[in-house]
1. Could you tell me which of the pairs K226/K340; K148/K181; K119/K226; K206/K340; K181/K286; K148/K317 are separated by over 24 angstrom between their Cα atoms in the structure shown?
2. What does the charge count near C111 come to, summing +1 for each Lys or Arg and -1 for each Asp or Glu among other residues with Cβ under 11 Å from its Cβ?
3. How big is Rg to Rh over the range 102-355, alpha-carbon atoms, Rh as the Kirkwood inverse-mean-distance radius?
4. Whose amide H sits under 5 Å from the amide H of I303, counting only residues 5 or more places off or on another chain, with H placed in the peptide plane?
5. What percent does the relative contact order of the range 102-355 come to when contacts are Cα pairs within less than 8 Å and at least six residues apart?
6. How far, in nm, would the chain grow between K206 and K232 when pulled straight, counting 0.36 nm per residue and subtracting the alpha carbon separation?
7. When the Karplus curve 6.51 cos²θ - 1.76 cosθ + 1.60 is applied with θ = phi - 60°, which whole-Hz ³J(HN,Hα) does each residue of the range 345-355 get, with x for Gly and Pro?
8. How big is the range 130-179 in terms of Cα radius of gyration and Dmax, in angstroms?
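Rule-based calculations on the coordinates, nothing more; no lab input. Note that the coordinates shown come from a computational prediction; the quantities given were computed from them, not determined experimentally. Here the Cβ positions follow ideal geometry from the backbone for every residue, glycine too, while neighbour counts run over all protein chains shown.
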Amino acid sequence: MNCLIISKSDELSGLSDISIIKKIYEVRSVIISEIYRISYSDFQREHINEDDILVFSSYLRRKDIIYAVGELYKNKSFVLDIAYVNGGVIDNPIIPVEDFYYLDTLLVPVCDHCNLNCKRCSHFSPLVEGDVFYDVDVFYSDINRLRKLINHSDRINFLGGEPLLNKNLDKFLYIARNEFKYANLKIVTNGILILDMSWQLRVAIKETNTELIISSYPIFKDHTEKCISFLKCADIKYVLYPGDRFAPILREHRGRYPYDNNELCDQNVTLHNGHIMRCPMYDTIKYYNKKFGTNFSVDDGFIDIYDSELSPQKLHKRLNKPVELCDYCARWEMPNLGMKPWEIFLGEEPLCSDWL
């Protein structure tokens, strides 16, 4: 029996000792193949023998692995824990593909309020009364629990509101890096407060290899040159994204979410205050309901991560199931609704139609 490792060509450079794989699975040899070849049927015919086992990189999504290998090899397919690839010390470096659970992106809203009042804000921040922070001690407990349910997350995005308003943001970064050692950490910010970042936060960003994602709203243009110079001097990675147009958030009337699963929204999974949900709007629609007397239901969208009966399998199934609020989301038909220019509230009272 052979063990076939399927990965990126540069990802396994740290895999110098494969004896543990040979010992556990009694394989004669370990073959490494490039990832792009797994989708071809001739690859299967050429390389896979009936008694071989397959080991995939944990950078891959489980559904992609199963699609590539088909039902015939699903029970003989495993995922290589990248902690082992990168020099971690673990007893068993490979996980059955059926037991491997992966998030494309995990969103962590560290505060609900913002220093701007953008119309059509997808987090309803202009409707938040006062300062609302995600307690860092609660986050520590939440992400520790989540790590027991999820093997890997490719990205963890810290957002708001405006995340730079949270004075404990540096602690959030260290906690996340400790639990998900190989995730790409990102701070999604409007950039206005970059020059006010504390020394502790700048150090944390560097030590955790975090990147700033800057939404370049028109109001940021006057700050761009100084902020970019500041980030370069601090050797902090950043990306500028255009922010001159906003999309509608809600449908005026209930539609019908056109998909049987939530794969369309696999970059919106959100962790907040003991719950995980498929979309951050499940948590923030309460501000819209309170302001305008609406009654958008979200009860079916919250998943209690401390539920003793919650398994990785159940979590995956629930995250992949659309809920009632999905029928009111405008994002899945955004090309038909069009984009609107970025604006802020300048003293006027927000209207419910500002999000439609």
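1. Values: K226/K340 28 Å; K148/K181 14 Å; K119/K226 26 Å; K206/K340 36 Å; K181/K286 33 Å; K148/K317 16 Å.
In this structure, K226/K340; K119/K226; K206/K340; K181/K286 exceed 24 Å between Cα atoms.
2. Details: positive: K167; negative: D112, D131, D135, E162.
Residues close to C111 contribute a combined charge of -3.
3. Numbers: Rg = 18.0 Å, Rh = 18.9 Å.
Over the Cα atoms of the range 102-355, Rg/Rh equals 0.95.
4. Amide H neighbours of I303, under 5 Å, 5+ apart: I276.
5. On the way: 445 pairs, mean separation 63.4, N = 254.
About 25 percent, as a whole number.
6. Numbers: separation 26, 0.36 × 26 = 9.36 nm, distance 1.20 nm.
Between K206 and K232, full extension yields an extra 8.2 nm.
7. Running phi through 6.51 cos²θ - 1.76 cosθ + 1.60 with θ = phi - 60° gives 6, 10, x, 7, 6, x, 10, 4, 5, 5, 10 Hz.
8. Over the range 130-179's Cα set, Rg and Dmax evaluate to 11.4, 36 Å.
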